[in-house]
Amino acid sequence: MKHFAFWFALLCGLSFSTSFALADGLFDKMLDRAIDSAERKTQNRINQRIDQTIDKGINKTEETVQCVATDQECFKRAKEDGKQVSIISAQKASDSVKCMMTDTACLKNAKAQGKKVDIVDEAELDTVRCSLSDTDCLKRARSMGKKVELVD
């Protein structure tokens, strides 16, 4: 009977330790799953917040018109479109001037202002300088859709 009790105790001990080990492994798996789930949910929320922030920025940009403080026409267009206005500073004056090689008045003016001169073709100018009597120049400017500065 002593041997039976010994074997029974040994069997119960092994069974208990085996079930404890299985329970411990099961607990570890459940804990790992819980941690993975929490990490996924956290990452999803972070991604969602990032997307919301980007959407807000894009929406604000689409609803806002940037105008120079002195540009009343820009303010009027923004109001007509029902958009907000963001006031920006005027562009800084460039330290260089675009002139055509044949435009001596432009070259002299640049020299008087102490600016560098960029020699360009007429097509590269934003504003074409024409004499009022130079109809060819006026026609070219009109056909290119350029502004005209009268030099007379």
In the set Thr70, Thr135, Thr53, Thr61, the lone residue that is at pLDDT 80 or above and β-branched (Val, Ile, Thr) is Thr135
Note on segment 115-133: residues farther than 12 Å from Thr102 by Cβ, part of a helix (DSSP H, G or I) and either among the aliphatic types (A, V, I, L, M) or in contact with a helix residue (DSSP H, G or I) (Cβ under 8 Å, 6 or more places away or on another chain) (or both) are Ala123
Scanning segment 134-152 for residues that are assigned to a strand (DSSP E or B) and touching a Cys at 6+ places or on another chain (Cβ under 7 Å), the one surrounded by the fewest Cβ atoms within 10 Å (Cβ to Cβ) turns out to be Leu150
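Can Val151 be described as farther than 30 Å from Glu63 by Cβ and modelled with pLDDT of 85 or more? Walk me through it before giving the result.
Values: farther than 30 Å from Glu63 by Cβ: yes; modelled with pLDDT of 85 or more: no.
No.
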For Thr102, the lone unmet condition from (1) touching a Leu at 6+ places or on another chain (Cβ under 9 Å); (2) assigned to a loop (DSSP other than H, G, I, E, B) is (1)
Cβ pairs under 9 Å, 6+ apart or interchain, first in segment 131-144 and within 17 Å of Asp121 (Cβ to Cβ), second assigned to a helix (DSSP H, G or I), ordered by first then second residue, are Cys137/Glu122; Arg140/Glu122; Ala141/Glu122; Met144/Glu122; Met144/Ala123
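The values are calculated or read from the model by the stated rules, or taken from the named source; none is laboratory data. Remember, predicted model here, so these are calculated numbers, not experimental data. As a convention, Cβ positions derive from the backbone with ideal geometry for all residues, glycine included, and neighbour counts pool all protein chains shown.
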